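Questions regarding the structure given below will be posed in turn.
The values are calculated or read from the model by the stated rules, or taken from the named source; none is laboratory data. On a predicted model such as this, the values are computed, not experimentally measured, just so you know. Using ideal geometry, Cβ is built from the backbone for each residue, glycine included, and neighbour counts are taken over all protein chains shown. These accessible areas exclude ligands, DNA and RNA; they are computed on the full protein's heavy atoms, side chains included. Shrake-Rupley method; radii C 1.70, N 1.55, O 1.52, S 1.80 Å.
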Amino acid sequence: MHSQPQLRADNIDEVLQAMTLEEKAKLLVGGANNFFGSNAVVGGEADLVAGAAGTSPAIPRLGIPATVLTDGPAGVRIDPIRKGTDKTYYATAFPIGSCLASTWNTELVGQVGQAIGNETKEYRCDVILGPGMNLHRNPLCGRNFEYYSEDPLLTGRIAAAYINGVQKEGVGVSAKHFAVNSQETDRTSVDERVSQRAAREIYLRGFEIAVRESNPWTIMASYNKINGQFSMGNHDLLTKILRDDWGYKGIVMTDWIGIREGLPTITEVQAGNDLMEPGQPAQVQEIIEGVKSGKLNIADVNRNVRRMLEYIVKTPSFRKYPASNNPDFKTHAAITRQSANEGIVMLKNNGTLPWKSGTIKTVALFGENSYDFLSGGTGSGCVHPPYVVDMLQGLKNAGIKSSPTLTDIYRKYIEYAKVKFQAERHPAKWFQMEMMGQQKYPEIAIAPIAINKEVEAADAAIITIGRQAGEGIDRDIDTEFNLIPEERALIMDVCNAFHAAGKPVIVIINSGSVIETASWSGYPDAIFCAWQPGMEGGNSIADLLTGKVNPSGKLTMTWPIAATDHASTKNFPGSLDDYSFKMMVGSNRPIPGHAYTNHEEDIYVGYRFFDTFNRQVAYPFGYGLSYTTFEFSKPAIKAKGKDAVEVNITIKNTGAVSGKEVAQVYVQAPNGKLEKPVQELKAFAKTRELQPGESQTLQMKIPVRDLASFDEAGSQWITEAGTYTFRIGSSSRDIKCTTSLKLSEYTEKTNNALAPQQPLNLLKR
């Protein structure tokens, strides 16, 4: 009797040949099931890591180990408490995606990725399910906090930096959700109807950049349909585009849904989906029967199994890495703090900041989130950290006292609110908010007489405005984008009282997503968008308030005056109170009126719309203030062979304190046969910390293919011949220098894929 081959990196063909049909089918179906309603994992490999999202199955006969997939992307999401031990398995909560991207610092994002990769490995996991790479199509998407930007190039570059950082540690990522997952409402069955051009240029481009620049081990197919076909069974998406056009070599896994009505598992195998998660025995049987009946070609099965084996031999599980279950929280906290420092965006400063040493000794802290700071969002993207530094603690660590009266009021209120929430939890949201992340409690009113007393006791006031959002539910305009009456009254009353005494007021926005600011931003002296900056958030904000760190964050999405200003608004679903998270993950039934979403705004997403159609905004894409000033000079551009151009810009710190600046290169294309936005971001770079008077010349290489638009008629990328203007500035509406270069035509053929099944009424210039 021959001995069975044991899997090695150099004998995959031999192992594949030795596998039975049943073993091959098993390897393509996840070995665990994340049961909604509990954080436990149930299934064949359930005991490997408590709270991990799922696994790939083991086949011990052939030396094939199970691998463990854990939620992310802002840190490792596992159960902090386990049976049989009093040890807690906390993980570092890093800044959310919107905050990370707002650093515009790929080197720093890479460090965050490496720290997350290290914790993934030390907690005995093989893949972190992130980064989230969907676009901010509309500010009401409940999951925008996990994503990076409304711009595909910025999304792709930040994601590539994150992925390269994670995978440097010898663990993998699962870039998600591929693709066009632009809303949470009815996400499991909605048909995202989009033109081929918008799909390629807007919704797929970030993924393409990440594939080409970082080679993610895995990619996760989204729940939704694209032009009539579910992503996880979409051959055009998973094979023609991802593998044939982009050359992707890793595995594709489904999002966590199992068997889908109207989508046979064999169709998913044929499309190029290698791993069905969370995995059900019936799917294994369907693959076996599909091959035996001739409906499924064994060549498709073998192809997918080979890719699975190629993935498995790279993993810590295969290498039998001795996981410590003991990450270096101290080192990772420092990385978290630095990344939050650079990702927090200063939206306003009338000169009141930074606070000079000793001038502000006591602060009146208003807003319940000053004391219950939101480090991250809800859903699968939330993390269980060892601590969260709130505003109270962050100021205390910086030597600044806070009002004991306000502290007593808010802490007692939060304690009451937690008990009240448990008693009255909303049936439509209880699972999302309670089981999968930190709850945001309603703001309370503070009477003017109480505010006036605080003026006497404090040197300044801080108001924290908090917003929570997450997986499964989109945000509403009235209570989540706009301020509620209690918040508006708080800002007005505190500003009136403190300004009457000549004392400053600062507003901290503790939100993963954009909120309305235009109606109230004139009142406070300074405004920070702190996002949800991870577990060191309070320390990071204190660093910025006191000038220990100079703000350098820049917005990665447009902040509109009103939520309805976005061109996508008329085709974005409203919230539905009777549609629960459990229904969202457990049902394929479409919501009445939301069976499909037409992307009629086409390529005009975010600043591409606002800048092209000259619409007013609250804060433009790329915007962010500093405590110093910068001068842009000596713009230069030259061709680097036929395939790329190089843009140089010199940035000088002309102010009195050190700081960092971001150079953003927007390209204006010549008039041609394809309609284009007025400008598009094509490169960016961040300076080092420049001392007063110091200069740095930044070099940015732009591949000519990155200047191309997608020509549907020819199924090709095309950079039309003509003179291109390179507009270099510190936001999309603050252009400092321009330069131009004449380019010849460039074309690149692609597969004809993802054609819409019905005509769309597309927005035109």
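Within segment 106-133, take every residue that is open to solvent by less than 20 Å² (accessible area, probe 1.4 Å) and hydroxyl-bearing (Ser, Thr, Tyr) and give me the one that is nearest to Tyr147 (Cα to Cα).
Thr120
Shifting gears a bit: Out of all the residues in segment 136-159, which are in contact with a Lys or Arg (Cβ under 9 Å, 6 or more places away or on another chain), more than 11 Å from Ser98 (Cα to Cα) and part of a loop (DSSP other than H, G, I, E, B)?
Selection gives Pro139, Leu140, Cys141, Gly142, Asp151.
Here's a follow-up. Among the candidates Lys176, Lys225, single out the residue that is among the basic types (Lys, Arg) and within 16 Å of the chain's Cα centre (by Cα). Break it down stepwise before answering.
Values: Lys225 fails: within 16 Å of the chain's Cα centre (by Cα).
After ruling out the rest, the residue left standing is Lys176.
Answer yes or no as to whether Ile158 is among the aliphatic types (A, V, I, L, M) and surrounded by fewer than 23 Cβ atoms within 10 Å (Cβ to Cβ).
Details: among the aliphatic types (A, V, I, L, M): yes; surrounded by fewer than 23 Cβ atoms within 10 Å (Cβ to Cβ): no.
No; evaluated as a whole, the condition is false for this residue.
Could you list all residues from segment 492-519 that are polar (S, T, N, Q) and part of a helix (DSSP H, G or I)? Step through it out loud before you land on a result.
Taking segment 492-519 and keeping what is polar (S, T, N, Q), we get 496, 510-511, 513, 517, 519.
Passing the criteria: only Asn496.
Next up: When you check Ala340 against the structure, is it within 33 Å of the chain's Cα centre (by Cα) and surrounded by fewer than 23 Cβ atoms within 10 Å (Cβ to Cβ), yes or no? Write out each step before concluding.
On the way: within 33 Å of the chain's Cα centre (by Cα): yes; surrounded by fewer than 23 Cβ atoms within 10 Å (Cβ to Cβ): no.
Criteria not met by Ala340.
When segment 302-323 is examined, which residues are found to be in contact with a Leu (Cβ under 9 Å, 6 or more places away or on another chain) and of a type in the set (Phe, Trp, Tyr)?
Those that are in contact with a Leu (Cβ under 9 Å, 6 or more places away or on another chain) and of a type in the set (Phe, Trp, Tyr): Tyr311, Phe318.
Yes or no: segment 180-189 includes at least one residue that is within 23 Å of Gly31 (Cα to Cα) and outside any helix (DSSP H, G or I). Working first, answer last.
Of all residues in segment 180-189, those within 23 Å of Gly31 (Cα to Cα) come to 188.
Pick out the ones that are also outside any helix (DSSP H, G or I) and you get 188.
Among the residues of segment 180-189, at least one is within 23 Å of Gly31 (Cα to Cα) and outside any helix (DSSP H, G or I), which makes the answer yes.
For segment 699-738: of the residues being part of a loop (DSSP other than H, G, I, E, B) and out of contact with any Ser or Thr (no Cβ under 9 Å at 6 or more places or on another chain), which is surrounded by the most Cβ atoms within 10 Å (Cβ to Cβ)? Explain how you work it out, then say what you get.
Keep residues of segment 699-738 that are part of a loop (DSSP other than H, G, I, E, B), which gives 708, 712-715, 720-721, 732-733.
Checking which are out of contact with any Ser or Thr (no Cβ under 9 Å at 6 or more places or on another chain) leaves us with 713, 733.
Values: Ala713: 8, Arg733: 17.
Looking at residues that are part of a loop (DSSP other than H, G, I, E, B) and out of contact with any Ser or Thr (no Cβ under 9 Å at 6 or more places or on another chain), I get Arg733.
For segment 515-551, enumerate the residues that are in contact (Cβ under 8 Å) with a residue 12 or more places away in the chain, closer than 28 Å to Leu140 by Cα and open to solvent by 10 Å² or more (accessible area, probe 1.4 Å).
Across segment 515-551, the qualifying residues are Glu516, Ala518, Ser519, Ser521, Tyr523, Asp525, Glu536.
OK, next. Suppose we keep only residues that are part of a loop (DSSP other than H, G, I, E, B) and of a type in the set (S, T, N, Q) within segment 1-27. Which one would you say is farthest from Gln283 (Cα to Cα)? Spell out the reasoning first.
Of segment 1-27, the ones part of a loop (DSSP other than H, G, I, E, B) are 1-11, 19-20.
From what is left, the residues that are of a type in the set (S, T, N, Q) are 3-4, 6, 11, 20.
Values: Ser3: 30, Gln4: 26, Gln6: 26, Asn11: 27, Thr20: 16 Å.
Residue satisfying both the conditions and the ranking: Ser3.
Please find, within segment 83-123, the residue that is farthest from Gly376 (Cα to Cα) out of those that are touching a helix residue (DSSP H, G or I) at 6+ places or on another chain (Cβ under 8 Å) and β-branched (Val, Ile, Thr). First the steps, then the outcome.
Quick first cut of segment 83-123, residues touching a helix residue (DSSP H, G or I) at 6+ places or on another chain (Cβ under 8 Å) only: 90-121.
With β-branched (Val, Ile, Thr) added as a condition, the list becomes 92, 96, 103, 106, 109, 112, 116, 120.
On the way: Thr92: 11, Ile96: 6, Thr103: 17, Thr106: 21, Val109: 17, Val112: 15, Ile116: 15, Thr120: 18 Å.
Out of the qualifying residues, it is Thr106.
Give me the residue from segment 59-105 that is part of a loop (DSSP other than H, G, I, E, B), in contact with a strand residue (DSSP E or B) (Cβ under 6 Å, 6 or more places away or on another chain) and among the small types (Gly, Ala, Ser) and, out of that set, surrounded by the fewest Cβ atoms within 10 Å (Cβ to Cβ).
Once the filter is applied, the top-ranked residue is Ala66.
So, one more: Looking at segment 220-233, which of its residues are touching a strand residue (DSSP E or B) at 6+ places or on another chain (Cβ under 6 Å) and either farther than 17 Å from Gln183 by Cα or not in a loop (DSSP other than H, G, I, E, B) (or both)?
Met220, Ala221, Lys225, Ile226, Phe230, Ser231, Met232, Gly233 - these are the residues of segment 220-233 that are touching a strand residue (DSSP E or B) at 6+ places or on another chain (Cβ under 6 Å) and either farther than 17 Å from Gln183 by Cα or not in a loop (DSSP other than H, G, I, E, B) (or both).
Filter segment 739-751 for residues that are assigned to a loop (DSSP other than H, G, I, E, B) and in contact with a helix residue (DSSP H, G or I) (Cβ under 8 Å, 6 or more places away or on another chain); which is surrounded by the fewest Cβ atoms within 10 Å (Cβ to Cβ)? Can you show your working first?
We begin by selecting, within segment 739-751, every residue assigned to a loop (DSSP other than H, G, I, E, B); these are 744-745, 750-751.
Filter once more, so that each one left must be in contact with a helix residue (DSSP H, G or I) (Cβ under 8 Å, 6 or more places away or on another chain): 750-751.
Values: Thr750: 18, Asn751: 12.
Among those that are assigned to a loop (DSSP other than H, G, I, E, B) and in contact with a helix residue (DSSP H, G or I) (Cβ under 8 Å, 6 or more places away or on another chain), it is Asn751.
Here is a follow-up. Please find, within segment 282-333, the residue that is nearest to Ile266 (Cα to Cα) out of those that are touching an Asp or Glu at 6+ places or on another chain (Cβ under 6 Å) and not in a helix (DSSP H, G or I).
Of everything passing the filter in segment 282-333, Thr315 is nearest to Ile266 (Cα to Cα).
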